[in-house]
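Peer 1: Take this structure first; my questions come after.
Bear in mind that the values in this text are calculations on the coordinates, not laboratory data. Please read all numbers here as calculations on a predicted model, not as lab measurements. A quick note on method: Cβ atoms are made from the backbone with ideal geometry, for glycine too, and the neighbour counts reach across all protein chains shown.
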Amino acid sequence: MRMLCPKCNSEIENENINVAENICVCKSCGQLLKLSEMIDQDKEQEKIEETENLLRNPPKGIFVKKESGREIITISAKSKGAVILLIFALMTSAFIVFVASLVLAQGIFIIILFLTPFILAIIALWVQAFFLMFGKIELVINQKEPGYLFKGIGTIGKKYFIDWPSVKSVSEIIIRNNYADDTYKGRRPGSRHTTSYIQIEGIKLQKITTDGLKKENIEFLVNVLKYYRERKQRFQQFN
């Protein structure tokens, strides 16, 4: 592994590295450094260079556009899972319409109230299906103004404003739930449900759900957010 001195940028030779004592010495300037910190910095720099390379050559389904005073990174939400979700939404919608028509025909209007949670769940299914067919996540980086992350379809969606100097961390949170019985939201006993979101911790905690998105696209977005967080905070130090 090639290590450079943070003070003079000279390469630190292997003979000047003491793993047992966790130290290394730069012969050029005489700086004594902690080896563990140097390794962490080296890994961080590799990650920065990898992210910059991906921004120059984005993967399929990701578009990077530079305009005057800002950068726009668009991640397509298109997924094969949308087809399965769409079929399921159609089947459940047909079933609810059938049940509702029978109930209304018999004049038992009160039953419609009990169907309301199922109707709301089906609406949520349709929204998610359309998002996975036509949706996008867009990260806008402004030079002089706070940036934001947009999630939606076209211009319809939600903006999550990002105050970069206040951002403490960016992470992907994955929650896996196991259901031992069928008392929770009518789930099949023994079934598993996984939900994921990107968490941005700053002035306020923001959670952007990523259910259905491709794993590589989520990883790309997390790395890009971390990259711009680091870049913005470094810029702030010199102002």
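Peer 1: First select every other residue whose beta carbon is under 10 angstrom from the beta carbon of CYS5; then total the charges, Lys and Arg +1, Asp and Glu -1. The partial results should precede the final answer.
Peer 2: Numbers: positive: LYS7, LYS27; negative: GLU11.
So the surrounding residues net to +1.
Peer 1: Report, to the nearest 10°, how far helix 111-134 tilts away from the longest principal axis of the Cα atoms in the chain, using its own Cα long axis and a range of 0 to 90°.
Peer 2: The answer is roughly 40 degrees.
Peer 1: Which angle from 0 to 90°, rounded to the nearest 10, does the C-alpha axis of helix 35-56 make with the longest principal axis of the chain?
Peer 2: For helix 35-56, the angle is close to 60 degrees.
Peer 1: Give me the angle, in degrees from 0 to 90, between the Cα long axis of helix 215-237 and the longest principal axis of the Cα atoms of the chain, rounded to the nearest 10.
Peer 2: 50 degrees
Peer 1: How much FRET efficiency would the formula 1/(1 + (r/R0)^6) give for SER28 and LEU54, where r is the Cβ-Cβ distance and R0 is 35 Å, rounded to 0.05? Intermediate values should be presented prior to the final figure.
Peer 2: Details: r = 33 Å, r/R0 = 0.94.
Using R0 = 35 Å, I get an efficiency of 0.60.
Peer 1: On a full-extension model of 0.36 nm per residue, what is the gain between ILE119 and PHE88, subtracting their alpha-carbon distance, rounded to one decimal in nm?
Peer 2: On the way: separation 31, 0.36 × 31 = 11.16 nm, distance 1.36 nm.
Stretched fully, the ILE119-PHE88 segment lengthens by 9.8 nm.
Peer 1: Please sort by residue number the GluC sites (Glu not before Pro) in the stretch 1-98 whose DSSP state is loop and whose Cβ has at most 15 other Cβ atoms within 10 Å. Walk me through the intermediate numbers first.
Peer 2: Numbers: sites: GLU11, GLU13, GLU15, GLU21, GLU37, GLU44, GLU46, GLU49, GLU50, GLU52, GLU67, GLU71; in loops: GLU13, GLU21.
In loop regions of the stretch 1-98 (DSSP not H, G, I, E or B), the sparsely surrounded GluC sites (Glu not before Pro) are GLU13, GLU21.
Peer 1: Rounded to the nearest 500, what is the chain's calculated 222 nm mean residue ellipticity when only DSSP H runs of at least 4 contribute -39500 (n - 2.57) each, over all residues? Intermediate values should be presented prior to the final figure.
Peer 2: Numbers: 4 runs with 94 residues, N = 239.
Estimated from H runs of four or more residues: -14000 deg cm²/dmol.
Peer 1: Additional query: Along the charge dipole of the chain, which of GLY81, THR116, LEU132 sits closest to the positive end, that is, farthest toward it, with unit charges on the beta carbon of Lys, Arg, Asp and Glu (+1, +1, -1, -1)?
Peer 2: THR116
Peer 1: Charges only on Cβ, +1 for Lys and Arg, -1 for Asp and Glu: so what's the dipole of the chain about the Cα centre, in debye to the nearest 20? Don't skip to the answer; put the middle values down first.
Peer 2: Numbers: 33 positive and 25 negative charges, 175 e Å.
In debye, rounded to 20, the chain gives about 840.
Peer 1: Name the longest site-free stretch of the chain, where the excluded sites are trypsin sites (Lys or Arg not before Pro) in a DSSP loop with no more than 11 other beta-carbon atoms within 10 Å.
Peer 2: On the way: sites that count: ARG2, LYS60, LYS80, LYS144, LYS168, LYS185, LYS204.
That gives 81-143 as the longest site-free run.
Peer 1: While we're here: What is the chain by shape, rounded, prolate or oblate, if you read a ≥ b ≥ c off the alpha carbon gyration tensor as root eigenvalues and call it rounded for a/c under 1.5, prolate for a/b larger than b/c, and oblate otherwise? Could you put the intermediate results ahead of the total?
Peer 2: Values: a/c = 3.20, a/b = 2.32, b/c = 1.38.
Prolate.
Peer 1: When Lys and Arg each count +1 and Asp and Glu each count -1, what net charge do the other residues less than 12 Å away from ILE203, Cβ to Cβ, add up to? Walk me through the intermediate numbers first.
Peer 2: Working: positive: LYS168, LYS204; negative: ASP163, GLU201.
Local charge sum for ILE203: 0.
Peer 1: Still on this model: Tally Lys/Arg at +1 and Asp/Glu at -1 over every other residue whose Cβ is under 9 Å from the Cβ of TYR227; what's the total?
Peer 2: Numbers: positive: LYS47, LYS226, ARG229, ARG231; negative: GLU52, GLU230.
Net local charge, TYR227 excluded: +2.
Peer 1: Could you tell me which of the pairs LYS151/LYS214; LYS60/LYS214; LYS47/LYS158 are separated by over 20 angstrom between their Cα atoms in the structure shown?
Peer 2: Details: LYS151/LYS214 15 Å; LYS60/LYS214 11 Å; LYS47/LYS158 29 Å.
Checking Cα-Cα distances, LYS47/LYS158 exceed 20 Å.
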